[in-house]
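Beneath this line is the structure, given in structure tokens, with notes to follow.
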């Protein structure tokens, strides 16, 4: 790792915490941007080995302070939600927050910024069996989620920064699996499978990747990524049945046997949103999530493998690690 200080936004989150731990293990001088109320649980002991800048990507002045004497920036902070009530906050955090990061990076004259985008920000294939790569054209169709639009608009803010002199690289992780925290991110899927109550799955599929490989891909993009270029950080293309079955086998629990019919999935999501509105809670299944889960999307990671020399472990290995860690944790707390 090169000399100088690297700033990580979103360092207390799922991807950011793993990236921060890898950077510290690589002897980097790390500063993290975190909110006053952020939990440091995912960072563990590494929280004591990094410099802390208290602030928020939505509060621009805190970013100018955080980037003082910083050489490189990993902008990982983002909001992930498919709830219809979160559209405004998605724009505030993902779009306006990224604009603030870009402006502060330009002011600080940082050497390079790696922006964490998403496969949601990529285009969609015109034919069902096509594979999506970094150059697939974006279509702002009605079915695109508010989250996808916010990540696409965030990329536009980074491109604006590039036009103004910022050197930046994009990474687009697929569906990221790792231990993380319970009830968040893909742990909700993992916990549903290992509890044994997931007896049916959606009919579609997507690409899955290990969080450790995503963090390593960020570091590779910082070191070797071409300015202005996207890199898909994705592992296996899997159906939802394959994903759930692989997890079930790792945890030695019954696997799902049924595929949820599309009309039933969509009807269930509408009911879930109605219940969430009445209870002022997050829906267990939003209509946007249901619509996406009905489709099969395949992604091509060739560019990351060839240009960044990234490697992606098979999902079965990720599932086995999850089973090992989570089963040990449950036994220890019993």
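Values in this text are rule-based calculations from the coordinates and carry no lab data. The structure displayed is predicted, hence computed values, not measured ones. Backbone-built Cβ (ideal geometry, glycine too); neighbour counts: all protein chains shown.
Below are the figures for this structure:
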| read-out | value |
| --- | --- |
| R0 of 25 Å, Cβ-Cβ distance residue 137-residue 296: FRET efficiency to nearest 0.05 | 0.85 |
| Helix 262-279 axis, angle to the chain major axis (alpha carbon atoms, nearest 10°) | 60 |
| The chain, helix-only ellipticity at 222 nm - DSSP H runs n ≥ 4, -39,500 (n - 2.57), divided by all residues, nearest 500 | -12500 deg cm²/dmol |
| Anisotropy class of the range 105-208 from Cα gyration tensor, a/c 1.5 cut | oblate |
| Cα-based helix-to-principal-axis angle, 14-25 vs the chain, degrees rounded to 10 | 50 |
| Cα gyration tensor, the range 142-264 - rounded (a/c under 1.5), prolate or oblate | prolate |
| Relative contact order %, the chain, counting alpha carbon pairs below 8 Å whose residues are six or more apart | 16 |
